[in-house]
Amino acid sequence: MKQPHILCQPDQVAPQVLLPGDPARVLRVADFLDEWKEIAFNREFRTITGTYRGMPVTVTSTGIGGASAAIAVEELAACGVRTMIRIGSAGAVQAGIAIGDLIIAQGAVREDGASRMYVPEAYPAVASPRLTLALEDACFKLAIPWHSGLVRSHDSFYIDEEAAIMAQWNRKGVLGSDMETAAVLTVARLRGVEAAAILNNVVLYEGDVKEGVGEYVDETTAAAEGEKREIQVALEALYHSCEDSKP
Ligand SMILES: O=P(O)(O)O[C@H]1O[C@H](CO)[C@@H](O)[C@H]1O
Ligand SMILES: O=c1cc[nH]c(=O)[nH]1
């Protein structure tokens, strides 16, 4: 059956998927694939399917926020997807995380609304240890430095209390802040799908979020270089962790 939002059906989707937020990032992932074709582009959900070193892979954008990310996870799961890695951007919650540094999420603080509609807050948003190790291993092999730990996902970018909330999570050791990881990890786990997330830092801790996100769209910045690294790492992690799908 063709899914109503992503407009894909099972035979058009690979068992392993990368999930950027931004539809434009889907085509930047395409640059790393052997070959690919666009399957659908509806609302914020752009999907391509292709191969990486002969391994089938699909890339679907989730849009901004847990609500749309949860729709993407649900509809991809309904298409038979077994493995998902979010490739996102984030703001640092610790000093010492530079622009373009990669953060591998072991789990996420669930400050989003979407995942809380599925299960109470006491339910943890935990990444697949197998995929997380595959991401760390890929960073190691590609000699790309990374930070591993918890991230925090929220729903509202411009709230008045944001600085105080970030300071609180800073004291608790959270590494980065984004808007989809918690929903992706929670909904994927509820649906029996293995999921993980790697985030490219685009805003320094206590930095100007508008400036950071604004500069990220310029392809020559450290943030854009970080994005290339996170794509490479995620594709390598999928390649080495999805034995069944290799040619
Ligand atoms: O770059 P993506 O993957 O969209 O991720 C981050 O960027 C958006 C905000 O600028 C939010 O979606 C946030 O989670
Ligand atoms: O600070 C940031 C940067 C990107 N995305 C977020 O959710 N927060």
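Amide H contacts for CYS8 (H built 1.01 Å from N in the peptide plane; partners 5 or more residues away or on another chain; cut-off under 5 Å): GLN3. For the listed peptides 18-30, 189-201, 151-163, 38-50, a ranking on the average number of other beta carbons within 10 Å per residue, highest first, reads 189-201, 18-30, 38-50, 151-163.
In the complete set of protein chains, residue-level accessible area for THR83 is approximately 10 Å², probe 1.4 angstrom. Between the amide H of THR51 and those of ASP34, GLU35, VAL57, distances stay under 5 Å, these residues lying 5 or more places away or on another chain, with hydrogens modeled in the peptide plane.
Counting Lys and Arg as +1 and Asp and Glu as -1, each charge on the Cβ, what is the dipole of the chain about the Cα centre in debye, to the nearest 20?
On the way: 22 positive and 34 negative charges, 152 e Å.
Its charge dipole is roughly 720 debye.
With viscosity 0.890 mPa s and temperature 25 °C, the Kirkwood radius over alpha carbon pairs of the chain converts through Stokes-Einstein to a diffusion coefficient of 140 µm²/s.
Which whole-number percent gives the relative contact order of the chain, counting Cα pairs below 8 Å spaced six or more residues apart?
On the way: 576 pairs, mean separation 62.3, N = 247.
Relative contact order, the chain: 25 percent.
Taking θ as phi - 60° and the Karplus parameters 6.51, -1.76 and 1.60, the scalar couplings of the stretch 103-118 work out to 10, 9, 8, 7, x, 9, 5, 9, 9, 8, x, 4, 5, 6, 6, 8 Hz in sequence order, x denoting glycine and proline. When a/c is below 1.5 the answer is rounded, else prolate if a/b is larger than b/c, else oblate, so apply that to the stretch 83-201 with a ≥ b ≥ c taken from the square roots of the Cα gyration tensor eigenvalues. Oblate is the answer for the stretch 83-201, as a/c is 1.5 or above yet b/c matches or exceeds a/b. How many angstrom lie between the C-alpha centres of the stretch 187-247 and the stretch 8-46? If we compute the Cα centre of each part, the gap is 14 Å.
For the listed residue pairs LYS2/LYS37; LYS141/LYS210; LYS37/LYS228; LYS2/LYS141, the alpha carbons are over 27 angstrom apart in LYS141/LYS210; LYS2/LYS141.
Across THR60, THR221, the residue with the most accessible area heads the list, and the full order at a 1.4 Å probe is THR221, THR60.
Comparing mean-square fluctuations of ILE87, ILE165, ILE104 from a GNM of the chain with C-alpha springs under 10 Å, the top value falls on ILE165.
With the largest listed first and rounded to whole Å, the semi-axes of the equivalent ellipsoid of the stretch 30-157 from the Cα gyration tensor are 24, 22, 14.
Restricting to DSSP H runs of at least four residues, report the calculated mean residue ellipticity at 222 nm for the chain, -39500 (n - 2.57) per run over all residues, nearest 500 deg cm²/dmol.
On the way: 8 runs with 87 residues, N = 247.
-10500 deg cm²/dmol, from helical runs alone.
How would VAL209, VAL17 line up by accessible area, probe 1.4 Å, largest first? Before the final figure, lay out each step's value.
Working: VAL209 55, VAL17 0 Å².
Accessible-area ranking of VAL209, VAL17, largest first: VAL209, VAL17.
The values are calculated or read from the model by the stated rules, or taken from the named source; none is laboratory data. Computed from a prediction, not measured in an experiment: that's the story for all the values here. Quick reminder, even Gly has a Cβ in these numbers, built from the backbone with ideal geometry, and neighbours come from all protein chains shown. Ligands, DNA and RNA are stripped out before the accessible areas are found, and what is left, the full protein with its side chains, is counted by its heavy atoms. Shrake-Rupley method; radii C 1.70, N 1.55, O 1.52, S 1.80 Å.
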